[in-house]
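Written below as structure tokens is the structure these notes are about.
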Amino acid sequence: MTYCSAPGKIILFGEHAVVYGEPAIAVAIDRRIHCDIRRSHDETTTINGLEFDPKKQTYLQCAMDTLGVREPLNIQTKSELLSGAGMGSSAALTISSLGCLLSLQGGFDLENAAKTGFEVEYQTQGGASPIDTSTSALGGEVMLSPTRVSGFCWTINKEDTTWNVHQSKTPKLKLVLGNTCVHSPTSKLVCKVKEAYNRSSMARDIIRDIGVVVKRGHEALMEEDLVEVGRLMDQNQSLLAHLGASHLKLDALIDAARPHSYGAKLTGVGGGGVMLALTDEPDEAAKAIEGAGGKAYILNSTTKGLAFE
Ligand code: MEV
């Protein structure tokens, strides 16, 4: 038997553009997925007491296939994350299950778990970057960039794209998440943006502009200049909206939160899902988000990544 848990994440800067090798910055959050996997004495694999359905459990099935797991298993999962909302639930499920499966195979290694997790997301979503899976594996603040800077952990390559994964230090941030309650599966919007990227030079320009905003965002975070971080978050939101990743309900929650925030933007995949406000007034921002019809969560970042205890 192995038990493992892994955190969700929020992306501060760079979602979507990071799929094309641009930099991105994410922070692990103190909400996790817990996973317990045992060898089964029966012939069938079960999940939470029910027969395992590979069509529904696409990430778990892909994780097992990638590691060549053929034996029947009893899998238990418990989630503190919203799914299909941009909190990194699929990455946390993938990373926590890989922690268990690699341990059952007697070959656990954090870098291997993060790299395999990326492959699983890539296959299952039809495209992905390693930002969610590396943040869930490492915990803390994670930056991906095409070049290596301080805090370098490992490099991940896919086709023509190289991501250098770094763990960096951010000032303690007060964050409020606003859920639109509009379900938005990652694969759908990642594919929509991919189509735009392949078809339109304007979409490719927007992706590059997001990369520039992320680099400035990294500098502002290093200087602990939250006013500038917030201004850049607003800029990042406007570029994401031009890319077609926002949603009317996201826009409404962002507008409501802004008077109480340094900055606000969608976080994760968009198209519904969740928005994020960086604020010194979390209660006021949360109230404004709820007043605009969203469900608000005041969040803490965590340095705890994949864990076995
Ligand atoms: C989803 O949390 C973030 C995206 O950039 C997809 C990815 O990086 O895999 C939209």
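Condition check for L104 on (1) more than 20 Å from P72 (Cα to Cα); (2) surrounded by fewer than 19 Cβ atoms within 10 Å (Cβ to Cβ): one failure, at (1). Per the listing S103, S90, the residue uniquely assigned to a helix (DSSP H, G or I) and closer than 20 Å to E309 by Cβ is S103. Of the strands (runs of 3 or more DSSP E) lying entirely inside the range 193-309, those containing at least 2 residues that are in contact with a Leu (Cβ under 8 Å, 6 or more places away or on another chain) and modelled with pLDDT of 95 or more are 263-267, 274-278. Scanning the range 106-142 for residues that are in contact (Cβ under 8 Å) with a residue 60 or more places away in the chain and assigned to a loop (DSSP other than H, G, I, E, B) yields a count of 6.
Evaluate the following for F152: is it away from the ligand (no atom under 16 Å from the Cβ), without any contact (Cβ under 8 Å) to a residue 24 or more places away in the chain, crowded, with 16+ Cβ neighbours inside 10 Å and of a type outside the set (G, A, S)? Against the criterion (away from the ligand (no atom under 16 Å from the Cβ), without any contact (Cβ under 8 Å) to a residue 24 or more places away in the chain, crowded, with 16+ Cβ neighbours inside 10 Å and of a type outside the set (G, A, S)), F152 does not qualify.
Looking across the range 106-124 at every residue that is more than 27 Å from E219 (Cα to Cα) and among the acidic types (D, E), the one that is farthest from the ligand (Cβ to nearest atom) is identified as D109. So which residues in the range 161-192 are in contact (Cβ under 8 Å) with a residue 60 or more places away in the chain and in a loop (DSSP other than H, G, I, E, B)? Passing the criteria: T170, K172, L173, K174, T180, C181, V182, H183, S184, P185. Going by the conditions given, is V176 crowded, with 19+ Cβ neighbours inside 10 Å, over 24 Å from V19 (Cβ atoms) and of a type in the set (V, I, T)? The answer is yes for V176. Of all residues in the range 42-59, those being surrounded by 10 or more Cβ atoms within 10 Å (Cβ to Cβ) and either at positive phi or of a type in the set (V, I, T) (or both) number 6.
Here's the yes/no breakdown for (1) within 15 Å of the ligand (Cβ to nearest atom); (2) more than 24 Å from L189 (Cβ to Cβ); (3) not aliphatic (A, V, I, L, M):
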{"residue": "Q76", "(1), (2), (3)": "no, yes, yes"}
{"residue": "L82", "(1), (2), (3)": "yes, no, no"}
{"residue": "G126", "(1), (2), (3)": "yes, no, yes"}
{"residue": "D132", "(1), (2), (3)": "yes, no, yes"}
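Tally the residues that are assigned to a strand (DSSP E or B) and within 14 Å of the chain's Cα centre (by Cα), restricting the search to the range 10-59.
If we filter the range 10-59 for residues that are assigned to a strand (DSSP E or B), which is where we start, we get 10-13, 24-39, 46-47, 50-51.
If we keep only those that are within 14 Å of the chain's Cα centre (by Cα) as well, we get 10-13, 24-33.
Adding up the residues that qualify gives 14.
Residue count for the range 279-291, restricted to those that are in contact with a strand residue (DSSP E or B) (Cβ under 8 Å, 6 or more places away or on another chain) and surrounded by fewer than 24 Cβ atoms within 10 Å (Cβ to Cβ): 5.
When the range 1-45 is limited to residues that are small (G, A, S) and within 22 Å of G106 (Cα to Cα), the one that is farthest from the ligand (Cβ to nearest atom) turns out to be S40.
The values are calculated or read from the model by the stated rules, or taken from the named source; none is laboratory data. Computed from a prediction, not measured in an experiment: that's the story for all the values here. Quick reminder, even Gly has a Cβ in these numbers, built from the backbone with ideal geometry, and neighbours come from all protein chains shown.
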